[in-house]
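Taken together, the values in this text are just the output of simple stated rules run on the coordinates, not laboratory data. Note that this is a predicted model, so its numbers are computed, not measured. Glycine gets a Cβ as well: all are built from the backbone with ideal geometry, and neighbour counts include every protein chain shown.
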Amino acid sequence: MVEHKNNDKTFLGFWIYLMTDLIMFAVLFATFAVLRNNTFTGPSGEEIFNLPFVLAETLILLTSSFTCGLAVLAARKGDKKQLYSWLLGTLFLGFAFLFMELSEFQELIHEGYTWTKSAFLSSYFTLIGTHGLHIAVGLFWLIILLIKLSTSEINSSIIRKLTLFSLFWHFLDIVWIFIFSIVYLIA
Amino acid sequence: MEDLFGKLTLQALPHEWFTIGGAISMTAGGLGAILLLTYLKRWKWLWTEWLTSTDPKKIGVMYITVAVFMLFRGVLDAVLLWLHQVLAGGGQGYLTADHFQQISTAHGVIMVFFVAMGLLFGLMNIIVPLQIGARDLAFPFLNSLGFWLYVAGAILINIFFVFGGEFAATGWLAIAPLSGLEFSPGVGVDYWIWSLQISGLGTLIGGINFIVTILKMRAPGMTLMRMPLFVWTTLCSMILVVSVFPILTMTIILLNLDRLLGMHFFTTGFGGNPMMYTNLIWMWGHPEVYILILPAFGIYSEIVATFSGKRLFGYTTAVVAVVAVTLLSTLVWLHHFFTMGADANVNAFFGIMTMIIAIPTGAQIFNWIATMYKGKIRLTTPMLWFLGFVATFTFGGMAGVMLAIPPIDYQVHNSLFLVAHFHTMAIGGALFGLFAGISYWFPKVFGFKLNEKLGQYAFWCWLVGFFTSFVPLYILGFMGVTRRLDTYDPSTGWQFLFLISLLGAGIIALGIGFQLLQIAVSILKRKENQNTTGDPWDGRTLEWSTSSPPPSYSFAVIPTVDDRDAFWTMKQAGKPISKPIFVDIHAPKNTASGIYISAFALIIGFSLVWHIFWLTVLGFLGVIITVIVRTFNDDTEYTISASEIAKNEEKRGIYG
Amino acid sequence: MKNTSETNSYIIGFSLALLLTLTAYFTVVNNFLDGGILVAAIMLLAFLQLFVQASFFLHLWQEKNPRWNLLVFLSTFSIIVLVVIGSLWIMNNLDYRHDNTHEGVQKILEKEGFSR
């Protein structure tokens with residue numbers, strides 16, 4: 001009973017935290033939308049984006065969101081083997097996504113299109129970079145969870161932590177959908 | 001060596017008279033405190049009873065203590081500015097232009113972020129859980145962390161006195177492009193950025209904590225529409241916190257990226273748009289005003305009901321009004337930059353929205369007046385603060401409606417008229433409310449009342465001093481004096497009005513003197529004003545049902561609520577309180593994790609100001625490790641046994 | 001029983017999200033639409049996807065009363081709309097008014113009904 005009540009509080013608190021994070025992203029989106037055409041002498045979005053590549057990123061992240069959801073279900077069933085495989089899948093897809101994001105950055109920087117070139121590039125790098133940073137934090141969190149999992153049985157505390165993590169991960173996917181639409185597709 | 005300390009070189013260390021003075025007084029004060037604590041052998045006591053405590057009542061007292069120290073700094077800044085403006089009429093004044101701007105920035109930043117917010121969070125911590133019949137906040141550890149982040153921010157904003165550098169000379173909101181690297185190459189803006197970032201994080205955590213607490217932890221029977229108004233206003237204020245503080249955080253991050261990594265969000269070249277900064281910062285800045293004023297409304301509602309001996313008139317209207325103000329406050333930010341040049345449609349929309357706010361606000365004032373009508377009014381100090389507020393706030397509100405009209409705003413924008421207006425709201429509205437709240441709830445926290453007579457002297461000094469010092473500013477504003485003006489020609493004839501204004505500041509200072517004296521006298525003669533019943537004012541809400549000071553667990557048994565003004569109803573029912581069956585209470589253990597995390601946050605902030613990046617990395621590692629250690633620690637509670645509680649409660653002798 | 005239905009919910013959500021993503025992508029790549037309509041269509045698809053993920057992954061509508069999570073989500077949503085739409089409205093308006101090229105000034109003079 002007490003446990004249940006505490007869970008309730010933690011979920012609501014974490015949910016509100018996610019919402020504040022969402023508002024931070026909203027500021028980045030607003031800034032991006034306002035500065036989108038301020039390319040100065042630098043390139044515009046159309047010139048530098050590689051849409052098929054981004055689609056691949058999107059699908060990877062979407063799939064990882066899916067596997068993450070299945071992981072929570074496996075945990076509730078108490079199926080540790082399934083849980084491990086879904087979590088490792090999520091971890092793998094997450095790293096793949098992060099790697100792709102970074103390689104995209106690297107390519108741009110390599111071509112000389114850094115964030116100091118124009119307001120558009122500043123806002124682009126910041127928006128994508130902030131998302132990437134969240135992904136990195138999420139992966140770090142996931143690793144810690146895996147370590148914890150290896151030392152204990154599936155109990156209510158683990159399930160709670162997994163559920164919180166999955167909320168975070170779904171949330172990052174939703175933010176990415178908007179990045180995909182507003183930043184890449186509309187350009 | 002140069003690389004090791006980034007931009008922090010020997011030249012950066014304090015070398016001007018005011019920074020040296022600050023350095024000496026801060027070091028001396030710090031050393032004095034350390035010596036005193038050592039002499040009295042109070043270190044362990046301080047650490048275990050206070051600093052590591054997760055009890056919201058203690059955290060609240062610590063918030064208020066820090067805020068009061070910051071208040072001294074803010075008032076000192078104000079006096080320096082006033083004095084300079086008077087002297088500048090007959091010559092140069094005694095401050096350089098740059099120093100004058102630094103002080104005025106410091107005054108604004110400190111008063112808003114560290115005084116008003118600190119006092120507010122202090123009162124909320126102490127009172128909100130008690131009023132909803134909860135023993136604690138939803139997340140006690142995060143509460144402690146939020147407080148310590150606030151402290152870290154407060155230290156960082158003052159630390160330049162010791163380590164050197166300067167304060168931002170950009171105005172309290174560091175409007176771009178002035179705050180960009182091009183026009184403010186010094187570290188002042190960086191100090192501003194990081195201290196706001198760190199304390200803002202604390203505020204955000206606090207906001208989430210209070211929302212969850214109020215939504216999830218109310219005593220059985222306390223429905224939303226039975227909550228005391230202070231709880232309602234806290235809830236609304238905290239909803240605003242979680243809605244707009246992320247905007248502030250992100251905006252400051254962007255400004256910092258401009259300065260640190262050479263990005264171009266708000267720069268004048270490369271496609272940057274400084275107007276976007278103004279837009280974003282006010283999207284936070286306007287609601288921030290309401291974050292401060294709404295809880296003050298709540299405090300007044302509690303006080304006026306208690307001291308009129310009546311239930312608050314029009315409770316439902318008051319709640320609706322508070323919610324309406326909350327919603328509207330997010331829709332008016334453009335009125336801070338009518339003059340930036342948006343067209344008539346845009347300006348008209350935001351002007352009208354602003355004027356509409358006056359309606360729910362006015363409704364509240366009528367609620368309070370109607371509550372007093374035919375009530376048995378007791379003119380105690382808290383009530384005096386309330387009455388002073390009604391007069392001052394209505395006065396300032398009128399000026400606000402004037403400013404909401406774009407054509408008038410074009411005339412008085414950035415003038416002392418504006419300065420006078422928002423000081424009327426901030427002092428007459430928020431600060432009077434916080435003072436009222438402190439004198440009202442002081443006996444709850446410490447078990448004895450504050451000296452009435454000295455409190456009333458203090459109030460009258462503040463009220464008279466306030467009008468003496470700010471009415472001239474309204475007039476000067478009409479005469480065309482701009483804000484942050486550090487020099488003017490004697491032929492303007494402004495000096496006399498500035499002098500009257502300074503006189504008013506003197507009267508306010510006298511008021512502060514009385515307040516200090518009041519606290520000292522009340523502590524010395526605490527036997528005379530002692531209150532053992534826990535209900536010194538014949539109060540109406542649940543906080544008065546427990547003892548003063550409340551035990552660490554606040555309520556031996558969680559009360560059941562069946563009406564508004566829950567405690568009043570219990571008293572009216574007049575049932576002898578039967579001795580309840582006490583059960584064990586689980587309470588959160590003390591924790592020092594919040595202190596460690598904030599210390600590392602302080603290191604991160606400081607090292608980023610001076611570009612000492614190896615230290616930044618260490619700071620981050622520190623934070624991460626502390627957080628991980630904390631999450632692996634599942635043993636965070638201890639048990640207060642039923643017999644202990646029973647023994648404690650017997651002493652109150654209230655059970656029939 | 002409960003578990004299989006939840007698994008199904010994830011599978012449905014995942015398929016719908018895939019479908020929406022690919023629709024948006026191919027609309028853009030094959031130039032099915034352009035200009036304002038394209039932007040509107042993509043935003044519509046994005047919001048549909050938000051709805052899908054919120055329903056099937058976050059189970060936002062299944063919460064029991066009082067629905068604090070939903071309420072918090074909706075108020076956040078309105079703040080976000082306010083931040084984005086408000087900024088765009090104000091900043092575009094300012095951009096237009098601050099356009100000091102010759103054509104810009106002419107356009108403003110004409111539109112606002114001033115004559116020289």
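Averaged across orientations, what area in nm² does the convex hull of the alpha carbons in the protein assembly as shown project?
If I average the Cα hull's projected area over directions, I get 42.3 nm².
What share of all Cα pairs of the range B:242-336, in percent, falls into each consecutive 10 Å distance bin?
All Cα pairs considered, the percentages come to 15, 32, 23, 15, 9, 5, 0.
May I ask you to list the lysines whose Cα is less than 21 Å away from that of residue A:117, ignoring any residue fewer than eight positions away on the same chain?
none
For A:33-42, what's the mean count of beta carbons from other chains sitting within 10 Å of each residue's beta carbon?
For peptide A:33-42, the averaged partner shielding equals 5.
If you bin every alpha carbon distance in chain B into 10 Å steps from zero, what whole percent lands in each bin?
P(r) for chain B, in whole percents per bin: 3, 15, 26, 28, 19, 8, 2, 0.
What average number of partner chain Cβ atoms lie no more than 10 Å from the Cβ of the residues making up A:168-175?
Across the residues of A:168-175, the mean count of other-chain Cβ atoms within 10 Å is 3.
Chain B: longest stretch without exposed chymotrypsin sites (Phe, Trp or Tyr not before Pro) (DSSP loop, at most 12 other Cβ within 10 Å), sites themselves excluded?
B:374-654
Given +1 on the Cβ of Lys and Arg, -1 on the Cβ of Asp and Glu, and no further charges, what dipole in debye does the protein assembly as shown carry about its Cα centre, rounded to the nearest 20?
That gives the protein assembly as shown a dipole magnitude of about 3500 debye.
Rg and Dmax of the range C:22-116 over Cα atoms: what are they, in angstrom?
When restricted to Cα atoms, the range C:22-116 yields Rg and Dmax of 20.4, 65 Å.
Using the alpha-carbon centroid of each, what span in Å lies between the range A:141-187 and the range B:478-511?
58
Under 8 Å for C-alpha pairs, at least 6 residues apart: give me the relative contact order for chain B, rounded to a whole percent.
17
Compute the helix-to-body angle for B:229-261: its Cα long axis versus the longest principal axis of chain B, expressed 0 to 90° and rounded to tens.
30
Which of B:374/B:527; A:9/B:44; B:449/B:651; B:41/B:527 have a Cα-Cα distance over 29 Å?
Correct reply: B:374/B:527; A:9/B:44.
Rounding to the nearest 10 and keeping the result within 0 to 90°, find how far the Cα-based axis of helix B:274-308 lies from the longest principal axis of chain B.
Relative to chain B, helix B:274-308 is tipped by roughly 30 degrees.
Determine the alpha carbon to alpha carbon distance for each of A:81/A:148; A:77/B:216; A:80/A:148 and list only those over 18 Å.
A:77/B:216
Can you return the aspartates and glutamates within cross-link range of residue B:57? Criterion is Cα-Cα under 13 Å, with same-chain partners fewer than 8 residues away left out.
Straight-distance partners of residue B:57: B:49, B:136, B:543.
For the range B:134-210 and the range B:40-111, what is the separation of their Cα centres, given in Å?
14
I need the helices of chain C that pass two filters: whole DSSP H segments spanning 27 Å or more by Cα along the axis, and mean Kyte-Doolittle score no lower than -0.5.
Length and hydropathy pass: C:2-29, C:35-56, C:68-97.
Within a 10 angstrom radius of each residue's Cβ in B:271-281, how many Cβ atoms of other chains show up on average? Whole number is fine.
Numbers: counts 15, 7, 9, 0, 6, 10, 1, 2, 9, 6, 0.
Counting Cβ atoms of other protein chains within 10 Å of each residue's Cβ and averaging gives 6.
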